[in-house]
Amino acid sequence: MATSSGTSTSAILTKAMTESSAKETASTPINDGLMRGFWYPALRSNRVQGREMRTAMLLGIPLVLGRNSKGEGFALRDACPHRGMPLSEGNFDGSAVECPYHGWVFEGKTGQCQAIPSLTAHDKLKVDRVFAASFPCEEQDGYIWVFIPDPDHCDEAVPEAPRLPTFSDSYRLEHLEAELPCHMDHGIIGLMDPAHGPFVHQSWWWRKRSSIHEKEKTFEPIPNGFRIKAHSPSANSAAYKLLGVYGEPITTTIQFVLPNMRFEEIHCGKYWFSSRTTVTPITTTRCRIDVCAAWNAFRYVPFFTSILRFFGNMFVEQDRLTMVKQAEGLKHNPPLMLIDDADRPAKWYFALKAAYLKSKQTGQPMEHPIEGPTALHWRS
Ligand code: FES
Ligand SMILES: [Fe+2]
């Protein structure tokens, strides 16, 4: 395997990490390596029931989430615009939130103020011109998604919230999550890192160190990301082992899309498995992995979901424990390096981010850092 000094990318990496190690703050410094102008999953839908309000944090912004009497989700900054009291400490009547400090009332969806009890006929303040900060909010795939706008491009239209691709009317849908004590960049490059498998995910049924062998995969550019061309999974992959029983050719596609999504699709005749893993920035030093998976295979096999859940949890937990240890090493900003080809996807991630931000700044179309199909080689 060729190694490269990777100077420029490691400089980007070290710089991003140094900036990101700034202590947590509720404000959003612009050089924190987090991406605005995107949707992020804030909470699982089932955690917001009835008139209960729930809190979440995205990109260092504290949020209060709820659902109005029509069942529509809403997200407000969890700080009253009067004197900063968390609105989550107040009351929600199914339509509006009342702050517990001085009783100001804010409509849930828009954040528009409806009442300021201390005002008298002598006051000129226009109540309806006061707003609690509100964020676009949608439910999809069992999550409440919140759109975090880019403060420099607030006037841009809000795109649709991401949706997990599915390929038949009925399927199973499952979720897993794990919190990581690191900047989202480390979560993401950990997600697309092919070389850690035999070391972190060793097990008798999956792979051993001795099963390491050379791999070649062709990557190609897609809008805002890249994908591994559809290929048949290797004989020691879980998909191959499981779906092999159907006796049909199996193809798998993996893609990464900014800001934080890894999609994997496996097809075997009429059967399919589709998953999306997102790494969501909670603050600059914490992120959360959310795995959302849907499939129509093995739906009548007893306990299949429980078994998949067990192994899924085990995988995610192995990654989480690894990143908890890695976070210790990263605390004091050591210099880091990315090597070819095993870390090329990580280099592309940083290059994609930089190209995206540059196109936002200049207003020019994004220059994609990957020119065309490229074969990468590594041993894992
Ligand atoms: S702090 Fe909320 S009403 Fe005063
Ligand atoms: Fe992993």
> Relative contact order for region 229-380 using alpha-carbon pairs under 8 Å, separation at least 6, rounded to a whole percent?
Replying inline: 11
>> Once R0 is set to 22 Å, what does the formula 1/(1 + (r/R0)^6) return for the Cβ-Cβ distance between Asp150 and Glu52, expressed as a FRET efficiency to the nearest 0.05?
In response: 0.10
> Whole-Å semi-axes of region 281-344's equivalent ellipsoid, largest first, each the root of 5 times a Cα gyration tensor eigenvalue?
Replying inline: 33, 15, 11
> Among Cys182, Cys287, which comes first, second and so on when ranked by fewest other beta-carbon atoms within 10 Å?
Replying inline: Cys182, Cys287
> What pairs from Lys217/Lys360; Lys325/Lys353; Lys229/Lys347; Lys241/Lys353; Lys331/Lys360; Lys241/Lys347 go past 29 Å between their alpha carbons?
Replying inline: Lys217/Lys360; Lys241/Lys353; Lys331/Lys360; Lys241/Lys347
>> Restricted to Cα positions, what overall size does region 38-148 have along the principal axes? Three whole-Å values, descending.
In response: 50, 26, 19
> Viscosity 0.890 mPa s, temperature 25 °C: Stokes-Einstein D of region 129-288 from its Kirkwood Cα radius, in µm² per second?
Replying inline: 133
> How many Å³ per residue does the convex hull of the Cα positions in the chain occupy?
Replying inline: 159
> Which percent of Cα-Cα pairs in region 243-380 sits in each 10 Å bin, short to long?
Replying inline: 9, 27, 35, 22, 7, 0
> Do any cysteines of the chain lack a neighbour Cys whose Cβ is under 4.7 Å away, and which are they?
Replying inline: Cys113, Cys137, Cys154, Cys182, Cys268, Cys287, Cys292
> Between Val200 and Leu125, what FRET efficiency comes out of the Förster formula 1/(1 + (r/R0)^6) with R0 = 41 Å and r the beta carbon distance, rounded to 0.05?
Replying inline: 0.10
> What helices in the chain pass both tests, a Cα length along the helix axis of 30 Å or more and a mean Kyte hydropathy of -0.5 or higher, using whole DSSP H runs?
Replying inline: 304-330
>> Could you order the peptides 217-229, 299-311, 57-69, 39-51 from most to least packed, using the average number of other C-beta atoms within 10 Å per residue?
In response: 57-69, 39-51, 217-229, 299-311
>> From Cα pairs below 8 angstrom and at least 6 apart in sequence, can you work out the relative contact order of the chain, rounded to a whole percent?
In response: 21
> Once every DSSP H run of n ≥ 4 in the chain is given -39500 (n - 2.57) and the sum is divided by its residues, what mean residue ellipticity at 222 nm do you get, rounded to the nearest 500 deg cm²/dmol?
Replying inline: -6500 deg cm²/dmol
>> Show me, for region 100-111, the HN-Hα J-couplings you get by feeding each phi into the Karplus relation (A = 6.51, B = -1.76, C = 1.60, θ = phi - 60°), rounded to Hz, glycine and proline as x.
In response: x, 7, 10, x, 4, 10, 10, 5, x, 5, 9, x
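Laboratory data are not the source of any read-out in this text; all were calculated from the coordinates shown. Small disclaimer: the values here were computed from a predicted structure and weren't measured. Note: ideal-geometry Cβ built from the backbone for every residue, glycine included; neighbour counts use all protein chains shown.
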